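Peer 1: One structure, pasted below without further comment.
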Amino acid sequence: MANLTIELAKAKENIERLAGDYGLDFFQTIFEVLEFDELNQVAAFGGFPTRYPHWSFGMEYDQLSKGYEYGLSKIYEMVINNDPCYAYLLKSNPMVDQKLVMAHVYGHCDFFKNNHWFSKTNRKMMDQMANHATRIHRYIDRHGYEEIEKFLDICLSIENLIDPHSVFIKRPGHSEVDAQLTTGEVKKLKSKDYMDKYINPPEFLEDQKRKLEEKAKQKKTYPPSPVKDVLLFLIEHAPMEQWQRDILSIVRKEAYYFAPQGQTKIMNEGWASYWHSTMMTRNILTASELIDYADHHSGTLAMSPGQLNPYKIGIELFRDIEDRWNKGKFGSDYNQCTDLVEKKNWNTNAGLGKQKIFEVRKVYNDVMFIDEFFTEEFCLKHKIFAFEYNPKTTQYEIYSKAFNIVKKKVLDALTNRGQPFIFVVDSNFENRSELLLSHRHEGIDLKIPWAQDTLKNLFQIWKRPVNLLTKLDEKEKILRFDGEKHQELGGEKKAS
């Protein structure tokens, strides 16, 4: 049980038992007590005690340390998606905070283990991170720290160019299709020997061969279809040295490990907050701890103009779902009811609330969660409006109370983790071995300085000019970097 005091060990045993009694299902959970500087160091490494060396971790540590020193911020809880789960407690916290954090952690551990979007993550990532650090230290010994850090800068600047959904999709590999196009051999349909001439008649095979020949003539670009996992495409096709390919693959693996946390931030924090609130108020708190708990809990759930607090939105949505399904406020009868008073007082005593929130916890991510359960009634009840920054007043101001606008703004911020959709569409653009990427425009233009920096870093990997097809002011444009200068070309210069 690591370095817990007798009092903390008893609290852990009690809270773990309570969590199990409430139906939470989690990996073995190990708590460690750290001083504030040790906790800041682990937090700077993304929650892991060992990472490869990079200046960005030092910058994060410095920011966390100053925040704690000046009383601007404080880390209350940190837990790692691993089997076993590792969680950290701040030594200077009072006992009521330690119990709150433990209860919160068991909510996270249950979510990590059971939510579908975490099901493909590496459950031994603690060991994997240490392995990654060892490999990169080996490259530092061979090539020097500056060379490795320079390449890591490039890799980390494009770590978001992955496809988090790809781990759940079994797509037909290009190899089989490409092999048929290259050799001209038609793949026969499976059949018994005596049925082959009926299942695969000569005229059918000839027709299939003709179609393959037509496809081979039409095939002018590679990849055959857009690829969202840009990092994987670069690993497989960019002219890199082996050590560079390995480092990019390390960055990609870690990006996929962290991706579900970005996809489920609202749900994950809401679920953990729901359970720490439930256990603390019903089972754990003593009378002397009530005021301190209420103060810290309310601070965590506070909402600020222009900001979406995942703790607040998440816990309130889970409570709303539980209440609705307990009262039967779902289904065709409820949805078709037009009497506002009747809908407000609707109660069939269905009692399905707990069952429903566990179901939601298992299946949904944030986009699905908000899309289905962020209702107009919920929005009005919690006074959630759409804010925009007014440079004249230097304040965030309400610019719309319309539900459809508010919901769209929330969903836009969550879709693809708030990142632009970028695809590889051609690795031989204009037959010059140039890379062509495409931005799926969702109504928001790219930030040009950021896009240019990304193209510049991609050039360092691809070693040839890199192009990005996008829209600027509703006109198609190609942003291009040739190794020396940036250009903005008309969109008509795209691949045919």
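Peer 1: Round to the nearest 10 and give me the degree value, 0 to 90, for the angle of helix 353-363's Cα axis relative to the longest principal axis of the chain.
Peer 2: Computed tilt is about 30 degrees.
Peer 1: Here's another thing I want to ask about it. Provide, in order from the shortest bin, the percent of all Cα-Cα pairs of the range 420-493 in each 5 Å bin, continuing until the bin that contains the maximum pair distance.
Peer 2: Bin by bin from 0 Å, the calculated values are 3, 17, 31, 29, 15, 5, 0.
Peer 1: Something else now. If you take all C-alpha pairs in the chain, what percent of them are over 32 Å apart?
Peer 2: Of all Cα-Cα pairs in the chain, 55 percent lie more than 32 Å apart.
Peer 1: Between residue 372 and residue 475, what FRET efficiency follows from the Cβ-Cβ distance if R0 is 35 Å, with the result rounded to 0.05?
Peer 2: 0.45
Peer 1: Just to be sure I understand: of the beta bridges DSSP finds with both ends in the chain, what percent are antiparallel, rounded to 5?
Peer 2: 75
Peer 1: Nearest 20 debye, what's the magnitude of the dipole of the range 1-116 about its Cα centre given +1 on Lys and Arg Cβ and -1 on Asp and Glu Cβ?
Peer 2: That gives the range 1-116 a dipole magnitude of about 60 debye.
Peer 1: Under 20 Å Cα-Cα from residue 477, which aspartates and glutamates qualify once same-chain neighbours fewer than 8 residues away are excluded?
Peer 2: Filter leaves 426, 430, 434, 442, 445, 453, 488, 492.
Peer 1: Straight-line reach from residue 253: which aspartates and glutamates fall under 20 Å, measuring Cα to Cα and dropping same-chain residues less than 8 apart?
Peer 2: Once the sequence-local aspartates and glutamates are set aside, what remains near residue 253 is 83, 127, 149, 153, 159, 163, 229, 236, 241.
Peer 1: Okay, moving on. Would you be so kind as to identify which of 340, 364, 311 lies farthest towards the positive end of the dipole of the range 311-415, taking Lys and Arg as +1 and Asp and Glu as -1 on Cβ and the Cα centre as origin?
Peer 2: About the Cα centre, the residue reaching furthest to the positive side is 311.
Peer 1: From the residues 468, 223, 78, which one has its Cα farthest along the dipole of the chain in the positive direction, the dipole being from +1 and -1 charges on Cβ of Lys/Arg and Asp/Glu about the Cα centre?
Peer 2: Result: 223, furthest along the dipole toward the positive end.
Peer 1: Moving on to the next point. With equal scatterers on the alpha carbons only and no solvent term, can you work out the Debye log10 of I(q)/I(0) for the range 311-415 at 0.19 1/Å?
Peer 2: These q points yield log10 I(q)/I(0) values of -1.05.
Peer 1: If you don't mind, there's one more thing I want to ask. Placing +1 at every Lys and Arg Cβ and -1 at every Asp and Glu Cβ, with all other atoms neutral, what dipole size does the range 420-493 have around its Cα centre, in debye to the nearest 20?
Peer 2: Around 220 debye, computed over the range 420-493.
Peer 1: Listing 450, 325, 346 from the residue with the fewest other Cβ atoms within 10 Å to the one with the most, what is the order?
Peer 2: 450, 346, 325
Peer 1: Please report, in debye to the nearest 20, how large the charge dipole of the range 311-415 is about its Cα centre when each Lys and Arg carries +1 at its beta carbon and each Asp and Glu carries -1 there.
Peer 2: Taking the Cα centre of the range 311-415 as origin, the dipole is about 220 debye.
Peer 1: Quick one: of 362/409; 312/407; 265/409; 170/228; 12/120, which pairs are farther than 21 Å apart, Cα to Cα?
Peer 2: 362/409; 12/120
Peer 1: Please enumerate, by chain and number, the aspartates and glutamates with C-alpha under 17 Å from the C-alpha of residue 344, excluding those fewer than 8 residues away in the same chain.
Peer 2: Filter leaves 320, 322, 323, 333, 376, 377.
Every read-out reported here was derived from the displayed coordinates using simple, explicitly stated rules and does not represent laboratory data. Quick caveat: nothing in here was measured; it's all calculated off a predicted structure. We place every Cβ from the backbone using ideal geometry, glycine too, and count neighbours over all the protein chains shown.
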